[in-house]
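The block underneath contains the structure these notes are about, expressed in structure tokens.
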Amino acid sequence: MLSTSIFAQSSKKIIRKREVPKTPLYQGTTIGLDLFGGINSIFGSSFMSTEVNATVNLDYKWYPVVEVGYGTTNTTSDDNGSTYKTAAPYFRVGVNYSLTKKSRKDSHLFAGVRYGFSAFSYDVTSPDIEDGIWKDKIPYAHQGIKSNAHWLELLLGVKAKVYKNFQMGWTIRYKSPLSIQEDKFAKPWYIPGFGKNKSSNFYATYSIIYKLPF
Amino acid sequence: MKKSFIKLFLGSFFLLMFFCNCGDESSIRTDRAYAFINFFSKETFAPVKLTQLTVTAANTDSILIKEKPQIENAKLPLNFKAEQTEFYFKYSEELIDTITITHKNHAHFISIENGAIIYHNIEKVDYSTNLIDSIAIKNPGVTEDEKENLQIYFQ
């Protein structure tokens, strides 16, 4: 009887429910400072911008992000003497998605999307507009022209942990305008946060990032 | 893994710097806005080519189009200050039409590369009917966008 009972027990499959430890959804917040705008202007760009961002880590998969920046330009054309001046803040909100499989590290590759917005005013001047046929000259200067712009961004980025709570990261971005307000007397040439007024723009960011201790 | 990731990061960053400083794409330069006019036959409503055409601007020495053969369209400047521009369309020594375009003008800044140019808004077109049958305003806004503004129907 006893040997039959032992045999019956050992042949049974012992199924134990494996307990997976539950990890919290919230995995921390980082704040970053973009340096690319400043570096780019040192290398000769007509535009200067800087921005800060805050990113929330949700289970190392989704990363909602808010970016606030300030863009400015005061440009004079070497060819014709036209000038364009503006300085204004811009805002972006969006989300990143980690492309690094099953990684719970702070270094990863990611893709993301942003909605951007800026409301700004600008000053423009142009040399007298000369009519070579009817021999007239028309002066041109306008200050404080108001405008606003909305746009979408698609991006790829990399973030790497360098030391303790410090990280570095960059993104490359494709920007597409949704709407750009024009005035009767001018079209905005540079839009803070978006760049030149074109059908699309490529841009980059390079950030120093700090992971908050909570 | 961590070191290779940092190397990838730094290497790609410098590549990025090069990419983003490659310089801007060149812009098409625009000196002024032109009215674009296409020619049609009144009978067939199909595009038509004139045997020869010379266009001059009234009260100027400017010959805008000089004895051009087989011409099916014209690109004409409008006066920056005055609100009327008059043209002479000369088909031969004996056959000439006059076209008077009434328009409003305002300056418009395009870009740093182009500065500002004058935009026009066509309000009315008056014409003689020696060879011209009628003129239709298709798009009254004359800007740097090369859109058709007028259609001339010839007899």
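Coordinate-derived values only; no laboratory data. Given the structure is predicted, the values throughout are model-derived calculations rather than measurements. Using ideal geometry, Cβ is built from the backbone for each residue, glycine included, and neighbour counts are taken over all protein chains shown.
A straight chain from A:A54 to A:T75 at 0.36 nm per residue would run longer than the Cα-Cα distance by 4.5 nm. Think of it as helices only: each DSSP H run of n ≥ 4 in chain A is worth -39500 (n - 2.57), and spread over all residues that comes to -2000 deg cm²/dmol at 222 nm.
The stretch between B:K124 and B:E67 holds 17.8 nm of extra length on full extension. This uses 0.36 nm per residue minus the Cα-Cα distance. With respect to chain A, whose longest principal axis is taken over its alpha-carbon atoms, helix A:2-11 is tilted by about 20°. Extension gain for the segment B:E113 to B:D31, taken as residue separation times 0.36 nm less the Cα-Cα distance, is 28.5 nm to one decimal.
When the Gaussian network model of chain A links Cα atoms closer than 10 Å, the mean-square fluctuations of A:S77, A:S179, A:S46 top out at A:S77. Once backbone amide H atoms are built at 1.01 Å from N, B:E123 has B:T102, B:H103, B:K104 as its partners under 5 Å, excluding neighbours fewer than 5 places away on the same chain.
In units of the compact-protein estimate 2.2 N^0.38 Å, chain A shows a Cα radius of gyration of 1.60. A simple spin-label model places pseudo-atoms 7 Å from Cα toward Cβ; at A:E182 and A:Y26 they are separated by 4.8 nm.
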